[in-house]
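The values are calculated or read from the model by the stated rules, or taken from the named source; none is laboratory data. Values in this document were obtained by computation on a predicted structure and should not be read as measured data. Cβ: placed from backbone, ideal geometry, glycine included. Neighbour counts: every protein chain shown. Just so you know, the surface numbers come from the protein's heavy atoms only, side chains and all, with ligands and any DNA or RNA stripped out. Shrake-Rupley method; radii C 1.70, N 1.55, O 1.52, S 1.80 Å.
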Amino acid sequence: MSRDWPLWEVFVRSRRGLSHVHVGSLHAPDAEMALRNARDLYTRRQEGVSLWVVPASAIAASSPDEKDSFFDPAADKVYRHPTFYDVPEGVDHL
Amino acid sequence: MMQCSVTDSVTVEDVYGNDFTAPDQPAQPTRPAASDEPASFRDVLAADGRIEPRDEMPEGYRRTLIRQIAQHAHSEIIGMQPEGNWISRAPSLRRKAILMAKVQDEAGHGLYLYAAAETLGVDRADLLDQLHSGRQKYSSIFNYPTLTWADVGAIGWLVDGAAIVNQVPLCRCSYGPYGRAMVRVCKEESFHQRQGFEILHTLAKGTDAQRAMAQDAVDRYWWPSLMMFGPPDDDSPNSAQSMAWGIKRHSNDDLRQRFVDMTVPQSEALGLSLPDPEIAWNSDRGHYDFGEVDFTELFEVIRGNGPCNAERMAHRVRAHEDGAWVREAATAYADKRSRQARPPKAEEGAA
Amino acid sequence: MAGLFGYTLALADDALISAQRMSWWISRAPQLEEDVALANIGLDQLGQARLLLAYAGEVEAAGRGEDDLAYLRDEREFRNVCLVEREQTDFGVTMARLLIFSAWQCELYAALSRSADATLAGVAGKAVKEVAYHLDHASRWVVRLGDGTDVSHQRMQAGLDAEWPWAAELFDDAFLDTGLVDSGVAALPSSLRDAVDAGVSAVIDEATLTRPDVATHYSAGRDGRHTEQLGFLLAEMQHLARSHPGATW
């Protein structure tokens with residue numbers, strides 16, 4: 001029994017000015033058909049003005065095992081956020 | 001009280017995100033002791049957070065989700081058939097267009113759900129094989145025939161209505177991809193229920209023959225719709241586990257009651273009766289009372305003895321087998337193209 | 001000779017009968033993604049048919065709407081080409097027919113978008129974008145099937161051979177009142193032939209297929225002389241509406 005076509009991840013720009021956002025996946029034999037399937041499946045209610053498809057196998061993802069070393073060290077760098085700083089009363093537009 | 005054996009099995013019924021089995025058939029595996037669950041998993045659930053694909057999760061949770069999402073997806077694609085049956089005969093071009101778009105949505109919903117299942121490490125092709133070989137089930141409601149045009153209305157109003165009641169809580173399912181797929185499905189599903197109601201409303205206001213057609217369809221689809229919520233809570237061995245895991249958010253009986261409360265006033269607006277003399281408002285409970293659901297028939301249908309079980313499967317398997325040469329051709333073409341795009345080995349070495 | 005009513009009706013019937021055949025595929029396509037794609041194409045065709053039927057009814061000014069025209073005419077009153085009315089339960093046949101039909105519709109609607117008749121120009125201007133997508137879809141599949149496996153090559157060639165003899169009717173001027181062409185309302189069917197032929201031939205070449213060398217079938221759907229299959233199609237499509245005369249749905 002032959003296997004299914006490869007899996008593609010689909011990203012849709014919902015309107016101009018916004019980034020492409022991941023919406024789901026689908027199967028297609030190649031990139032051309034993947035784009036067309038994505039158009040038919042994910043934009044039939046005018047959900048998009050632009051599409052990306054990426055082979056699911058081409059995505060490198062961070063692992064949940066690395067979550068602590070990847071993301072926790074950012075937690076104590078409060079000085080990166082504007083709310084960290086005291087602003088004297090009456091000073092605006094800062 | 002129905003007997004429910006609790007052993008490992010694949011012959012479980014899923015109804016649009018509900019999960020139950022006929023009483024003499026084995027149910028799904030029981031939950032491992034909570035202590036077997038990874039701490040990270042327990043912490044996320046305790047905070048009502050979402051589990052994402054690569055997170056640690058107990059094997060039972062993963063298997064329960066794969067089965068439930070797959071069977072939900074199977075239900076969507078088998079569900080194309082009873083209504084698809086009327087596309088060629090829709091009585092106006094407007095109705096034909098609506099019905100085509102609706103049945104198309106069901107294919108789309110199946111695709112969203114298969115995609116969610118694949119995030120758990122299974123292949124869609126394998127899930128389809130399990131459907132085609134009868135190892136995984138789909139909702140029994142689709143084993144009833146659509147005998148008249150009014151059935152298209154009754155399916156939209158009652159079956160999709162029941163599905164929505166089941167599915168809305170699934171938008172908050174603890175498994176992220178399933179919840180996100182359900183958000184998309186629920187958004188699209190509300191058009192389905194409305195078009196069904198509109199069909200029945202038009203028929204109920206129409207000629208005597210149309211009105212009779214509408215009443216007949218409601219009479220046939222009412223009880224099967226109530227059965228879609230599964231057996232009473234006391235007899236639903238899988239429910240407690242799924243609720244603890246945040247896959248299921250409300251009990252079968254609660255959802256069934258919610259559906260009845262929603263639907264009775266709508267039937268009055270339609271001027272159609274529901275085939276249950278016991279339906280009455282109970283002001284003490286603040287809910288409608290209704291008659292006891294006889295699950296004998298449902299379990300017969302689950303066992304494969306429904307009016308259309310064989311046809312639905314044959315239709316699906318035929319489509320899959322007839323399409324094999326097309327799928328293979330597209331794969332062969334893609335392979336040729338990617339070989340052509342790659343420079344020959346010798347030149348690679350020279351460079 | 002078809003005047004504006006007959007011409008509009010012919011184009012409407014082409015789209016309507018195509019949609020009816022296309023909708024058969026929903027739940028039967030080779031892959032789920034293709035169920036969705038073919039449903040989209042069928043919906044586009046049905047949408048074109050509804051606009052054109054409504055306009056035909058307006059032109060006729062006899063009180064007939066889209067549903068009267070779709071459901072209450074008999075075989076001999078339908079004006080579609082025979083190409084679109086025959087069964088299409090083979091994917092190769094379906095893609096061959098869609099290739100020919102959508103290539104023709106692309107040229108037709110492009111020409112009609114400049115029609116002197118504002119309504120036809122409006123409908124065509126919207127539809128031309130839809131059929132461009134249909135042509136794209138059909139072309140990609142014909143290429144993949146033609147240049148796929150040995151089996152698919154044979155089946156795609158067989159599909160093309162089966163549809164080719166029915167294409168000639170698309171370019172037959174005989175049914176049309178040429179006054180409509182002179183006044184810039186209609187597109188002369190034969191004037192579309194070279195462009196359609198060039199487009200289809202390019203796809204056939206890319207697909208490693210052979211241009212069929214087969215005789216043209218005698219067909220006169222534009223005059224209401226159809227294959228035997230149209231009667232069954234209409235019986236199925238119309239029976240419910242006709243069983244309840246005057247009913248609203």
Residues of region C:64-92 losing 30 Å² or more of accessible surface, assembly versus chain alone, probe 1.4 Å, please list them. C:Asp67, C:Tyr71
Measure out, as a whole number of angstrom, how far apart the alpha-carbon centroids of region C:227-244 and region C:1-30 sit. 14 Å
Region A:25-50 and region B:233-257: distance between their alpha carbon centers, rounded to Å: 36 Å
Once phi is turned into ³J(HN,Hα) by the Karplus curve 6.51 cos²θ - 1.76 cosθ + 1.60 with θ = phi - 60°, what whole-Hz value does each residue of region B:294-300 show in order, with x for glycine and proline? 8, 7, 3, 5, 4, 5, 5
If you place +1 on the Cβ of every Lys and Arg and -1 on the Cβ of every Asp and Glu, how big does the dipole about the Cα centre of region B:227-351 come out, in debye to the nearest 20? 1340 debye
Top mean-square fluctuation among B:Thr263, B:Thr146, B:Thr207, Gaussian network model of chain B, C-alpha springs under 10 Å? B:Thr207
In deg cm²/dmol, rounded to 500, what helix-only [θ] at 222 nm does chain C give when every DSSP H run of at least 4 residues adds -39500 (n - 2.57) and the total is split over its residues? -20500 deg cm²/dmol
Tilt, helix C:118-146 to longest principal axis of chain C (alpha-carbon atoms), in degrees rounded to tens, equals 20 degrees
If you filter region B:172-230 for trypsin sites (Lys or Arg not before Pro), then keep DSSP loop positions with at most 15 other Cβ within 10 Å, what is left? B:Lys205
Residues with amide H under 5 Å of B:Ile51's amide H, sequence separation 5 or more or different chain, H placed in the peptide plane at 1.01 Å from N; which? B:Tyr175, B:Gly176
Between helix C:91-112 and chain C: long-axis angle, C-alpha atoms, 0 to 90°, nearest 10: 50 degrees
Just the number, please: buried accessible area between C and B, total of both chains, 1.4 angstrom probe, nearest 100 square angstrom. 4100 Å²
Sequence-distant or interchain residues sharing an amide H contact under 5 Å with B:His287, placed H: which? B:Asn282
Cα-based helix-to-principal-axis angle, C:150-163 vs chain C, degrees rounded to 10: 30 degrees
Aspartates and glutamates within cross-link reach of A:Lys67: Cα-Cα under 15 Å, excluding same-chain residues under 8 positions apart? B:Asp43, B:Glu52, B:Asp55, B:Glu56
Kirkwood Rh, angstrom, region A:2-59 [1 / mean 1/r, Cα pairs]: 11.4 Å
Residues whose built amide H sits under 5 Å from the amide H of A:Gly24, excluding neighbours closer than 5 in sequence, are A:Val10
Add -39500 (n - 2.57) for each DSSP H run of 4 or more in chain B, then divide by its residues: what number comes out at 222 nm, to the nearest 500 deg cm²/dmol? -18000 deg cm²/dmol
Among B:Tyr112, B:Ile87, B:Ser140, whose Cα projects farthest towards the positive end of the dipole of region B:73-179, with charges put on the beta-carbon of Lys, Arg (+1) and Asp, Glu (-1)? B:Ile87
Roughly how many Å² is the accessible area per residue of chain C, as a whole number, for a 1.4 Å probe? 36 Å²
